[in-house]
Amino acid sequence: MKTGIKVLIVDDHPLLRQGLKTLLELEGEIEVVGLASNGPEGLRLAQQLKPNVVLLDINMPGMNGIEVAKEMRERQPGAAILVLTIHDDETYVKEMIRSGAKGYLLKDAEPREVVAAIRKVAAGESVYPTDLMERVMEHYHALEVKFGKLQSAAAISDLALTTRELEILRFIVEGMSNKEIAAALYISEKTVKNHITSLLRKLNVEDRTQAAVFAVSQGLFTQE
């Protein structure tokens, strides 16, 4: 029997909650197991219902989405958090990455984009809009200009990254897919995946997005 994706929706707008529920339940493998109107209710339902994906708003009274994400990551690490918000702001993206969110979408996204994002985060992938991630990277580059570059060589030594892992990390920062990295290095995609698994473990991050943000924030690939 095919296992479905259990989704919990946490948003303080009742019309949006119900609209999302109706939309998602048109998809055969997606089941909306709960609706929450605020953060504490979302945390309680997540613990009770064990969803695969939590669709989470940022602006909510009392306890905002950033606080909910941090708490939920500790209580329900198996639930992938997908932010659905009006905020087209790299500050919120950075905060949600730190809080452990697997994806970030704007509320004007097409229904098919929301459905596709749910499937991706449920499968362990990350979903962050390219333009927002570019602005996150630009922010870190601006900090380097203002405060000076970090000691990249020392940072690399401390991380014990291999030459190959550094090559792959650079390609990840540049936004290349596993297939593109494999072609550039003349190795198989499976080998790329193995290197990335090792890389994520050494960086103590969960996915490619967090690895890229870490690399730029630490000044590993700044140009002279």
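Of all residue pairs spaced 6 or more apart or on separate chains, those with beta-carbon atoms under 9 Å, a first member in region 20-39 that is over 11 Å from ILE9 (Cα atoms) and a second member that is small (Gly, Ala, Ser) and open to solvent by 40 Å² or more (accessible area, probe 1.4 Å) are ILE30/ALA122. Applying the criterion of being in a loop (DSSP other than H, G, I, E, B) and open to solvent by 20 Å² or more (accessible area, probe 1.4 Å) to the residues of region 96-108, the residue that is farthest from ALA123 (Cα to Cα) is ASP108. Counting only helices (runs of 4 or more DSSP H) wholly contained in region 126-224, the ones carrying 2 or more residues that are at pLDDT below 70 and among the aliphatic types (A, V, I, L, M) occupy 130-147, 152-159. Does any residue of region 83-94 turn out to be modelled with pLDDT of 90 or more, surrounded by 22 or more Cβ atoms within 10 Å (Cβ to Cβ) and closer than 21 Å to THR209 by Cβ? Within region 83-94, one or more residues are modelled with pLDDT of 90 or more, surrounded by 22 or more Cβ atoms within 10 Å (Cβ to Cβ) and closer than 21 Å to THR209 by Cβ.
The values are calculated or read from the model by the stated rules, or taken from the named source; none is laboratory data. As the structure is a prediction and not an experimental result, all values here were calculated from the model. Virtual Cβ from ideal backbone geometry, glycine too; neighbours counted across all protein chains shown. Accessible surface areas use protein heavy atoms only, side chains included; no ligands, DNA or RNA. Shrake-Rupley method; radii C 1.70, N 1.55, O 1.52, S 1.80 Å.
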